[in-house]
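Single-structure report; data block below.
The values are calculated or read from the model by the stated rules, or taken from the named source; none is laboratory data. Just so we're clear, the structure is a prediction, and the values are computed from it rather than from any experiment. As a convention, Cβ positions derive from the backbone with ideal geometry for all residues, glycine included, and neighbour counts pool all protein chains shown. Surface accessibility is based on the protein's heavy atoms, side chains included, excluding ligands, DNA and RNA. Shrake-Rupley method; radii C 1.70, N 1.55, O 1.52, S 1.80 Å.
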Amino acid sequence: MQNIRHTPVAPTRTQRLTSGGEIDAHRHDDHQIVYASHGIIAITTDAGSWVAPATRALWIPAGTVHRHQAHGELDLHFVGLPTTQNPLGLDTPTVLSVSPLLRELIVAYTRTPDDEGPQRRRLRAVLLDQLRVSPQQPLHLPTPSTPLLRELYAILRADPADNRSLDELGRQIGAGARTLSRHLRRELGLTYPQWRTQIRLHHALILLADQTPVTAVAHQCGWSSASTFIDVFRRTFGHTPGARPPKPSD
């Protein structure tokens, strides 16, 4: 990443981002929680990308160079935490499940960032307690380093609906299916179907944020039917593609 900003203290605040808006590459000396109560936020690092809808938050460890991109209109909430506070002991970017209670806590805590009174300190304590029991979600799309996998990744990102077999794709880039499978297992710890599904789900989240109909999303991302897509989406995210989480209280 170029022109990396260093902002030592990770801010705690609420920010609006328009669809397609970005926050350029930067790093903090603190940990940070990033949560979009409306829309979908994508975080990119050298290790890959993480996408989170409004039922998920992102944990960004101290020192991680990252950038943000908005898909849909975003109400973005940032919570900065010193390195001494790491409720889940995480040292890599991670997507966390956001319960209705945790959502309300994050929104309330970031609404008045300059308030250091006792009520807000108690709010912070409850927020940290809720983070400690927040399940981690498998929503990381790793960026491969092997040249062959990078070629394959570019093909699948350009057209997630490409249903060719690994043998067929391998012939295009000059590698056998066994070689590609071995690279995937060694580098990413994934099978080809698992990796392709992750790529498709990430693309699906972006399309949904742009108000693309569910049936169109299913076909553009390579699922044979809308019902198949809905089933995979529900098992991954815990709700159907058309569902919307309740808006946080004012």
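Quick look at the values:
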read-out: Cross-chain or 6+ apart pairs with Cβ under 8 Å, segment 5-34 first and under 13 Å from residue 69 (Cβ atoms), then open to solvent by less than 40 Å² (accessible area, probe 1.4 Å) and part of a loop (DSSP other than H, G, I, E, B); value: 25/65
read-out: Matching residues in segment 46-83 - criterion: being crowded, with 21+ Cβ neighbours inside 10 Å and either without any contact (Cβ under 8 Å) to a residue 60 or more places away in the chain or part of a loop (DSSP other than H, G, I, E, B) (or both); value: 53, 54, 58, 59, 60, 66, 68, 70, 74
read-out: Neighbours by Cβ (under 8 Å, 6+ apart or cross-chain): first from segment 198-216, free of Cβ contacts under 8 Å to residues at least 12 places away in the same chain; second open to solvent by 30 Å² or more (accessible area, probe 1.4 Å); value: 212/220
read-out: Failed item, numbered, when residue 8 is tested on (1) surrounded by fewer than 17 Cβ atoms within 10 Å (Cβ to Cβ); (2) in a strand (DSSP E or B); value: (2)
read-out: The one condition in (1) of a type in the set (Val, Ile, Thr); (2) without any contact (Cβ under 8 Å) to a residue 40 or more places away in the chain; (3) in contact with a strand residue (DSSP E or B) (Cβ under 9 Å, 6 or more places away or on another chain) that residue 155 fails to fulfil; value: (3)
read-out: In segment 91-121, residue most open to solvent (accessible area, probe 1.4 Å) [restricted to those that are closer than 16 Å to residue 29 by Cα and touching a residue at least 40 places away in the same chain (Cβ under 8 Å)]; value: 92
read-out: Answer residue from segment 20-45, given it is open to solvent by 20 Å² or more (accessible area, probe 1.4 Å) and more than 16 Å from the chain's Cα centre (by Cα) and is nearest to residue 209 (Cα to Cα) among those; value: 24
